[in-house]
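Before we start, here is the structure in question, set down as structure tokens.
The values are calculated or read from the model by the stated rules, or taken from the named source; none is laboratory data. Fair warning: this is a prediction, and the values are worked out from it, not measured in the lab. When we count neighbours, we look across all protein chains shown, and the Cβ atoms used for this are built from the backbone with ideal geometry, even at glycine. Heavy atoms of the whole protein, side chains included, go into the accessibility calculation; ligands, DNA and RNA do not. Shrake-Rupley method; radii C 1.70, N 1.55, O 1.52, S 1.80 Å.
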Amino acid sequence: MHFSIPSTQEFGSEGSGSSFTGFNIHINGCFHCCLRYKQLHSFHEQLKRSLPSSMVLPSFPPKKLLSLTPNQIEQRRLSLERYIQLVGQDPILCRSELLRAFLLKSQQESSFTECSEVTLDVYLMNGYRIAASVYTTDCSPKVLEKACALIDLSPERLCYFALYLMRKEASGELTIVKRLMDFEAPFISQKRWDNCRLVLRTGYWDPCYDLVLMRDRIALNLLYLQALSDVDRGWIVTTRDLLEELTNIQARGNKSEYLEIVRKLPLYGCLQFPRACVDYPEPNTIATVVLGNKELNLLTFCGDDVQETKFKVTRIRCWRVTPIHANEDQPPNGHQSHSQAPQKSVLIGLELSFEYLMAKNQLKWITIYSEQSMLMSVCLQSIVDELLNQKNGSDPSHLQSPQHLEYAPLSYIRRDGSNHCMTDSSSTDTLCNVANSDNSNGTSNQHSSTNANGSSFIRRKLKEFNTTVRFRNGKDSVHNEAFEWIGDDDL
């Protein structure tokens, strides 16, 4: 998980005169929630008490007795950002059920979503609609489970699938917007993206897992429909003769035979991104980025010919995502007058750079300029996780299953100060109906009154945030050291 806190907000309760600072937390480049310092501090303290003594949490930024100056607020933002980034980099903490439940509750509160039962449409790659009855606050694994139950997919096969947000462009092309994570509610996340569908696809990268699914009738059907769709969209490269053969096999309804052929084709099981500008093999090269099969591929087109450049993930030493900024209202000559105030820096794009082992002792940085750089980074990390998981002899269920540690029930502190029991992220219990019993003596009424005065103002402020990636001056670049164990034998 890539955490950042690119900005803060000042909130004030209308009529009360009080105010507080909210820290806008982004995960994988997208706004997730807005939390107060005391909310993060409370979670840190509870987490510290609940984890085994052998685990050491990162130090939490200290409290201040007096009101903070703007410079102190900025320092707190940086310190909190560093703290949550360290938590996200810990392999145990980032997969803990405690963190997932906390992030889910945070998303619910920041989106002002009350728990209610709704019908949520989940689509297969061929457009088939699954109308699932879910709660607005259900997490992604729970929605996936309910949707798959409607098509009779065995629960043992759930770990091989995932939910994605996809958008159909005006050109008819299908764009993958994001893969939904376990700590977010699909109903809430979908509302933040215009014209996006929830789509069910396989969640793994190595085609060897197909063999497990092909033994299951329903899973086989899902694989087959996905392969048909990918061939039709050109995500799987075929020849004219092979396409005719596949069409004949499809007409006969032989799904296993169809899959056996397409599984051997280039780019099978990969995710394809819109064309982007890259600096390899030459600067300003336009290429389609494809990720999967333990590779990052660049497809460049010259007439009807397609040139494919492969970069093995096991030879990528590290990568990072960096923002591209420009000054707002910059003069045509590119120079700023000394009499002018400093110009505001605005984000105009993103770039994904990776350091690749071209030959023994020869490393080269390669850069992709794309709005989907963060999603590419998330996919790269997912491929790395799967490879390391395979090295340890585990199956995909190990990556999906959260770390269930023994801990006392935790409470979630809302912005208004009220406490609520925090159950695991798979539960349908929510902030609106799991109030802590300590508030039953009338304290909750006081909080409700306070919340009523300031809720509308806070709601208006939070609605200003959209789903675009936000960075600050390159400080939030994602630099992920991967595969440090690679040796000469892997070249």
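Kindly indicate the residue of the stretch 271-312 that is touching a Gly at 6+ places or on another chain (Cβ under 7 Å) and not small (Gly, Ala, Ser) and also most open to solvent (accessible area, probe 1.4 Å) among those meeting that condition. Before you say what the answer is, go through the steps one by one.
So the first thing to find is which residues in the stretch 271-312 are touching a Gly at 6+ places or on another chain (Cβ under 7 Å), and the list is 271, 292-293.
Subsequent filtering for residues that are not small (Gly, Ala, Ser) retains 271, 293.
On the way: Leu271: 8, Asn293: 48 Å².
The selected residue is Asn293.
Separate question: Checking His447 against (1) touching a strand residue (DSSP E or B) at 6+ places or on another chain (Cβ under 7 Å); (2) open to solvent by less than 60 Å² (accessible area, probe 1.4 Å); (3) at pLDDT below 65; (4) part of a helix (DSSP H, G or I), which single condition isn't satisfied?
For His447, the failing item is (1).
Out of all the residues in the stretch 185-201, is one or more exposed (fewer than 15 other Cβ atoms within 10 Å of the Cβ) and in a loop (DSSP other than H, G, I, E, B)?
We begin by selecting, within the stretch 185-201, every residue exposed (fewer than 15 other Cβ atoms within 10 Å of the Cβ); these are 191, 194-195.
Next, from what is left, pick out any that are in a loop (DSSP other than H, G, I, E, B): 194-195.
Among the residues of the stretch 185-201, at least one is exposed (fewer than 15 other Cβ atoms within 10 Å of the Cβ) and in a loop (DSSP other than H, G, I, E, B), which makes the answer yes.
Could you list, in sequence order, all residues of the stretch 86-115 that are under 22 Å from Thr8 (Cβ atoms) and either touching a Cys at 6+ places or on another chain (Cβ under 6 Å) or part of a loop (DSSP other than H, G, I, E, B) (or both)?
Once the filter is applied, which keeps residues that are under 22 Å from Thr8 (Cβ atoms) and either touching a Cys at 6+ places or on another chain (Cβ under 6 Å) or part of a loop (DSSP other than H, G, I, E, B) (or both), the stretch 86-115 yields Gly88, Ser106, Gln107, Ser110, Ser111, Phe112.
Here's a follow-up. Output the residues belonging to the stretch 220-244 that are of a type in the set (Asp, Glu) and within 17 Å of Val290 (Cα to Cα).
From the stretch 220-244, those of a type in the set (Asp, Glu) are 230, 232, 241, 244; that's our starting set.
Listed by number, the residues that qualify are Asp230, Asp232.
Here's a follow-up. Val212: surrounded by fewer than 16 Cβ atoms within 10 Å (Cβ to Cβ) and part of a helix (DSSP H, G or I), yes or no? Full working, then the answer.
Details: surrounded by fewer than 16 Cβ atoms within 10 Å (Cβ to Cβ): yes; part of a helix (DSSP H, G or I): yes.
Against the criterion (surrounded by fewer than 16 Cβ atoms within 10 Å (Cβ to Cβ) and part of a helix (DSSP H, G or I)), Val212 qualifies.
Which residues, counting only those in the stretch 51-110, are open to solvent by 70 Å² or more (accessible area, probe 1.4 Å), within 22 Å of Ser7 (Cβ to Cβ) and among the hydroxyl-bearing types (Ser, Thr, Tyr)?
Within the stretch 51-110, just Ser67 meets the criteria.
Which residue out of Arg167, Arg192 is within 25 Å of the chain's Cα centre (by Cα), of a type outside the set (Ser, Thr, Tyr) and closer than 19 Å to Met376 by Cβ? Break it down into steps so the answer makes sense when it comes.
Details: Arg192 fails: closer than 19 Å to Met376 by Cβ.
Selected residue: Arg167, the only one of Arg167, Arg192 that is within 25 Å of the chain's Cα centre (by Cα), of a type outside the set (Ser, Thr, Tyr) and closer than 19 Å to Met376 by Cβ.
For the stretch 151-174, name all the residues that are closer than 24 Å to Leu291 by Cα and not in a strand (DSSP E or B).
The answer is Arg157, Leu158, Cys159, Tyr160, Glu169, Ala170, Ser171, Gly172, Glu173.
Let me ask you something else. Here are some conditions: (1) of a type in the set (Phe, Trp, Tyr); (2) part of a strand (DSSP E or B); (3) at pLDDT 95 or above. Phe273 meets all but one. Which one does it not meet?
So Phe273 meets the others, but not (3).
All but one of (1) outside any loop (DSSP other than H, G, I, E, B); (2) in contact with a Ser or Thr (Cβ under 8 Å, 6 or more places away or on another chain); (3) crowded, with 18+ Cβ neighbours inside 10 Å hold for Val177; state the number of the condition that does not hold.
(2)
Applying the selection to the stretch 126-139, what residues are open to solvent by 10 Å² or more (accessible area, probe 1.4 Å) and either out of contact with any Leu (no Cβ under 6 Å at 6 or more places or on another chain) or assigned to a strand (DSSP E or B) (or both)? Lay out the reasoning, then the answer.
Residues of the stretch 126-139 open to solvent by 10 Å² or more (accessible area, probe 1.4 Å): 126-129, 131, 133, 135.
Within the stretch 126-139, Gly127, Tyr128, Arg129, Ala131, Ser133, Tyr135 qualify.
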